[in-house]
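Structure first, then comments.
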Amino acid sequence: MEQRHLGRTGLRVSRIGLGTLTWGRDTDEHDAADLLKTFWEAGGTLVDTADVYGDGESEYLLGRIMEGLVPRRDLVISTKAGSVPDPDRRFDGSRAHLLSALDASLARLGTDHVDVWHLHAFDPHTPLEETLHALDVAVSSGRARYAGVSNFCGWQLAKAATWQLAAPGVRNRLASTQMEYSLLQRGVEREVLPAARDLGIGLLPSSPLGRGVLTGKYRKDATPPDSRGASDHLAPFVEPYLDDTAGHIVDAVATAADGLAVTPLQVALAWVRDRPGVVAPIIGPRNAQQLTAALSVETLSLPDEICRALDDVSAPVHRYPDHDWSTL
């Protein structure tokens, strides 16, 4: 699999990442082991998790199956911290919480370091400089090799990245930002992606298949019984992308797939993988068969005319102040 640099750093990662959101909850140890082995054998390196996935079970499962199955040095492990199960405070960006969370993640993963450590979200109740100092401590102590953020809007990302660049040699520049990005969700193009590209930060798209909707499995109001849309706890996650607007985009993806003799999954994944500023979409297959289908996109590059057509049908409305006011 082709490797790409993570932002303006020397770290290279596979241009498709393996997500573990469902590990330890919907994905058992046997399927997780098959997924990891299949991914590694295909040349995949980037494996993404978080301390809250499965209440920590995702990290624990990854650490357990990695031992004896895949050499640790062959993987780029990314995890996140900052989300907390508190209805009154969903995110805790305090230095105390973040560094304790990192230590707990390392214990569950069974490793002395993670390759990329992400802040899971912006905490408005903690001074940003305190939050970012936790990243510096993590990297300087060797517990994390690189640092990034997740779910930061444009101004939050720009502020955080600029703070880290203000004193070179003292602070560690942000390597990456993880955000939802697909043909069904192009909101990052408004401010996040331009900021990331300007600041040398690599984008890791989550839900690159529109939470599974872009595979075409939900067309004509169908809901496969084994799909996330049929799951009690994941159906609300899928539902926002089952409206008429999404339906038109999915139809266009299916038409493109028919013309290219490939699958809608391949078309949707190739589109986001090759967008400017994107390093590696993070996919979350349930089993090795689904993973193999997704990894087959490695040999596919969409023709320019197909990309333009998909761009047009899925184009978000971006007006003032994103465009020059004199053109409005």
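The values are calculated or read from the model by the stated rules, or taken from the named source; none is laboratory data. Computed from a predicted structure; not experimentally measured. Counting neighbours? That spans all protein chains shown, and the Cβs are built from the backbone with ideal geometry, glycine included. Protein only, heavy atoms only, side chains kept; ligands, DNA and RNA dropped before computing areas. Shrake-Rupley method; radii C 1.70, N 1.55, O 1.52, S 1.80 Å.
Odds and ends about this structure:
- Candidate residues Asp112, Asp55: accessible-area rank, largest first, probe 1.4 Å: Asp55, Asp112
- Per residue solvent-accessible surface (Å²) - the chain, probe of 1.4 Å: 45
- Backbone amide hydrogens, once placed in the peptide plane, bring Ala147 within less than 5 Å of Trp117, Ala175, excluding anything fewer than 5 places away on its chain.
- Candidates Gln178, Gln289, Gln266, ranked by Gaussian network fluctuation over the chain, Cα under 10 Å, top entry: Gln289
- For the range 36-108, the relative contact order is 34 percent, taking Cα pairs closer than 8 Å that sit 6 or more residues apart in sequence and dividing their mean separation by the residue count.
- In order along the range 3-12, phi translates into HN-Hα couplings of 10, 10, 6, 7, x, 8, 10, x, 6, 10 Hz, rounded to whole numbers, per the Karplus curve 6.51 cos²θ - 1.76 cosθ + 1.60 with θ = phi - 60° and x for Gly and Pro.
- Taking the protein heavy atoms of the range 69-164 in the context of the full set of protein chains, the accessible area attributed to carbon and sulfur is 54 percent at 1.4 Å.
- Taking amide H atoms as placed 1.01 Å from N in the peptide plane, the amide H of Tyr181 lies under 5 Å from those of Ser206, each 5 or more residues away in sequence or on another chain.
- Taking every C-alpha pair closer than 8 Å and separated by at least 6 residues, the mean separation divided by the residue count of the range 141-269 gives a relative contact order of 21 percent.
- The alpha-carbon of Lys80 sits under 21 angstrom from the alpha-carbons of these lysines, leaving out residues fewer than 8 places away in its chain: Lys159.
- With contacts taken as Cα pairs under 8 Å and at least 6 residues apart, the chain reaches a relative contact order of 18 percent.
- Peptides 127-133, 146-152 ordered by average Cβ neighbours within 10 Å, highest first: 146-152, 127-133
- The chain: radius of gyration over Cα atoms, expressed as a fraction of 2.2 N^0.38 Å: 0.97
- Each of Trp271, Trp40 has its accessible area taken with a 1.4 Å probe; listed largest first, they run Trp40, Trp271.
- Cα-derived Rg to Rh of the range 93-134, Kirkwood definition: 1.00
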